[in-house]
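First comes the structure, then the notes that go with it.
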Amino acid sequence: MNDIRRTILWVIFGFSMVLLWDKWQIHNGKQPTFFPTPQTASAPEAADAKPADASVPQVVATATVGDVPGAASAGQPAAAIPRQNVTVSSDVMRLTFDSEGATLKHSELIKYTDTVDEKKLMQVFEENAKRVYLGQTGLIGGNFPTHKTAMTVVPGERELKDGQDSVQVRFESADLGGVKLVKTFTLKRGSYAIDVQHDVVNTGAVAVNPQLYMQLVRDGNKPEHESTFYSTFTGPALYTEAKKYHKVEFKDIENNKAEVDKSATNGYVAMVQHYFASAWLLADGIQRDNFVRKVGDNLYAVGMITPVGTVEPGQTKSVNARLFSGPQIEPMLESLSPGLELVKDYGWLTILAKPLYWLLSELHKFIGNWGWSIVALVVLLKIAFYWLNAKAYSSMAKMKAINPKIQEMRERLKDKPQQMQQEMMRIYREEKVNPMGGCFPILIQIPVFMALYWVLQSSVEIRNAPWIGWIHDLSVPDPFFILPLLMTLSSLLQTALNPAPPDPMQAKMMWIMPLMFSVMFFFFPSGLVLYWLTNNILSIAQQWIINKRMGVPPQFNLPKFGKAAAGK
């Protein structure tokens, strides 16, 4: 009877963990892992369509977040300057700007290919029928140039040449409200951070006091081809020293429930997706007002507003910023701005995940292959936890050694459950066996392996990284399901080596649970399955060695179902 209750408790515990994990996914702005819901956001408008928004405000003394123009604005005079696309490239990215407002409308990362089509480069910023993702800046506080103002492109080099460290593209607006805005974008060799200089020139007869806004506009859909079985966060994120890193869900913006640190002198605003991010960066000490807002049908913006200061007639004032657009590589992000590395989000396991990522990176520097680096990392973790695992497997070996005595006692006292329980406790006490001794050491290790899961899940370095033979990309599922099948077999082998529970129902559950959870691994990235398979193989080897050392010959406790089980 006690064993049946224990089985029921284990089943409840297992399903509770599944439900808790799903709730944790939702709490962190992710789709549920085990019970995903379909994306309901509507598709963005066609490529040339712009969402409607409030008109550009008239001259005001102080601009507010509500004054920021949306992805399109009415009230601008018709532009005589011809509209054109301007492409500029460095050694790591190729950018395309729209001369209307010098909006960054397209970016390709030269060192990263598309997950599905390896002939295409990875795109961050886009504007087409399926995706809207833009980087925009402009002035508010008057009838000043915005991201909808026609601008002239200054002639110059458009490609980074050998021997050059940087390449620039420059846009100039016409006079508008007594102000001319000049934007200079500088791409540097090896850098995903674009230097953006805004020169505000007062061409009028009176002083002006404009403010500069910088925003990222994106549709609310998930990236294409993202797994429906597990999900990562997509949406705006902000960082300030006061509130630290916090994500904002599109649905919270939609429902006016988004909470952000509105005023700060530090931090950044970002748009995050799996493996990649974009962010507007200002130097610390510069006042800025942060905002998130809806700017159109399924279009959302995150940005910041900073004062330019009073600009006297004939005077020019400059505001320097940086626009990051690239992969979530931790050391690079750390070097750009405090807290920017947090866009690679490990959640509450950050304290464990960051050192694991560092160790994995160091192993890769030595080994040169991410697959073998994962294997080496698991080996090091098994060595670190050797004594804990040894204690767990020793307890299991003792349980296996006394299992015949337990089985005999259960048969003898099967009609006396209370006496059976007392006799079982006596045997455990005399043999100095703790039935839970095999669980506690393993439970201690669970947070470490969960942290490693998130390291492998979120590291862009694993993306497109080959291992051996048929594994050409560790970030996608095994195309032939070889690793998941091996992982399933290893889980079943590990179950067979464990002592069989005396209760038939428990024995069945011991075999059913590994099969249930193994199904998930058929949809997981190859790198994650490789790490778990390696862990299983090393665990089996250690368990085998400890059993032999303790004089308990390894034996396979195969499942007994149907009549065979009932006859016991």
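The values are calculated or read from the model by the stated rules, or taken from the named source; none is laboratory data. Computed from a predicted structure; not experimentally measured. So basically every Cβ, Gly included, is an ideal-geometry build from the backbone, and we count neighbours across all protein chains shown. Remember, those area values only see protein heavy atoms, side chains included, never the ligands or the DNA or RNA. Shrake-Rupley method; radii C 1.70, N 1.55, O 1.52, S 1.80 Å.
Observations on the structure shown:
- From the list F171, F233, the one residue that fits, being aromatic (F, W, Y), within 26 Å of S107 (Cα to Cα) and touching a Phe, Trp or Tyr at 6+ places or on another chain (Cβ under 9 Å), is F171.
- Of all residues in the range 300-341 being among the polar types (S, T, N, Q) and surrounded by 21 or more Cβ atoms within 10 Å (Cβ to Cβ), the one that is farthest from E254 (Cα to Cα): S337
- Here L323 passes the criteria (1) in contact with a strand residue (DSSP E or B) (Cβ under 9 Å, 6 or more places away or on another chain); (2) farther than 19 Å from D195 by Cβ except the one numbered (2).
- Cβ-Cβ under 7 Å pairs, at least 6 apart or on other chains, the range 202-218 side closer than 14 Å to G138 by Cα, far side open to solvent by 10 Å² or more (accessible area, probe 1.4 Å) and polar (S, T, N, Q): N209/T310
- Residue within the range 302-310 that is under 20 Å from the mean Cα position of the chain (by Cα) and closer than 25 Å to L109 by Cβ present: yes
- Hey, V201 open to solvent by 10 Å² or more (accessible area, probe 1.4 Å) and either touching a helix residue (DSSP H, G or I) at 6+ places or on another chain (Cβ under 7 Å) or farther than 30 Å from G347 by Cα (or both) or not: yes
- The range 160-172: number of residues that are in contact with a Lys or Arg (Cβ under 9 Å, 6 or more places away or on another chain) and open to solvent by 10 Å² or more (accessible area, probe 1.4 Å): 6
- Exactly one residue out of V208, V182, V260 is closer than 24 Å to A283 by Cβ, touching a Phe, Trp or Tyr at 6+ places or on another chain (Cβ under 9 Å) and open to solvent by less than 10 Å² (accessible area, probe 1.4 Å), and it is V182.
- Filtered residue count, the range 283-293, keeping only those that are open to solvent by less than 10 Å² (accessible area, probe 1.4 Å) and touching a residue at least 40 places away in the same chain (Cβ under 8 Å): 2
- Top-ranked residue of the range 212-248 - restricted to ones that are open to solvent by 30 Å² or more (accessible area, probe 1.4 Å) and part of a strand (DSSP E or B), ranked as nearest to F517 (Cα to Cα): K247
Residue-by-condition table, conditions (1) of a type in the set (F, W, Y); (2) out of contact with any helix residue (DSSP H, G or I) (no Cβ under 9 Å at 6 or more places or on another chain); (3) modelled with pLDDT of 95 or more; (4) on the phi < 0 side of the Ramachandran plot:
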| position | (1), (2), (3), (4) |
| --- | --- |
| A63 | no, yes, no, yes |
| D67 | no, yes, no, yes |
| G70 | no, yes, no, yes |
| A74 | no, yes, no, yes |
| P77 | no, yes, no, yes |
| R83 | no, yes, no, yes |
| T96 | no, yes, yes, yes |
| D114 | no, yes, no, yes |
| F125 | yes, yes, yes, yes |
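This table checks each residue for (1) charged (D, E, K, R); (2) within 18 Å of P69 (Cβ to Cβ).
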position: V86; (1), (2): no, no
position: L104; (1), (2): no, yes
position: Q136; (1), (2): no, yes
position: L139; (1), (2): no, yes
position: P145; (1), (2): no, yes
position: K148; (1), (2): yes, yes
position: R158; (1), (2): yes, no
position: D162; (1), (2): yes, no
position: Q168; (1), (2): no, no
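- Take the conditions (1) in contact with a Phe, Trp or Tyr (Cβ under 9 Å, 6 or more places away or on another chain); (2) open to solvent by 10 Å² or more (accessible area, probe 1.4 Å); (3) among the aromatic types (F, W, Y); W280 misses just one of them, which is (2).
- Only a single item in (1) touching a residue at least 40 places away in the same chain (Cβ under 8 Å); (2) buried (at least 19 other Cβ atoms within 10 Å of the Cβ); (3) more than 30 Å from Q123 (Cβ to Cβ) is not met by L363, and it is number (1).
- All positions within the range 185-198 that are open to solvent by 60 Å² or more (accessible area, probe 1.4 Å) and not in a loop (DSSP other than H, G, I, E, B): K188, Q197
- Options K354, K344: the member that is open to solvent by 20 Å² or more (accessible area, probe 1.4 Å), among the basic types (K, R) and under 14 Å from the mean Cα position of the chain (by Cα): K354
- Taking the listed residues K148, K130, the one that is in contact (Cβ under 8 Å) with a residue 24 or more places away in the chain, within 16 Å of D98 (Cβ to Cβ) and part of a loop (DSSP other than H, G, I, E, B) is K148, with no other qualifying.
- Taking the range 115-126 as the range and being touching a residue at least 24 places away in the same chain (Cβ under 8 Å) and surrounded by fewer than 21 Cβ atoms within 10 Å (Cβ to Cβ) as the test, the residues that pass are T115, V116, E118, L121.
- The numbered conditions (1) without any contact (Cβ under 8 Å) to a residue 40 or more places away in the chain; (2) out of contact with any Gly (no Cβ under 9 Å at 6 or more places or on another chain); (3) not aliphatic (A, V, I, L, M) are all true for K243 except (2).
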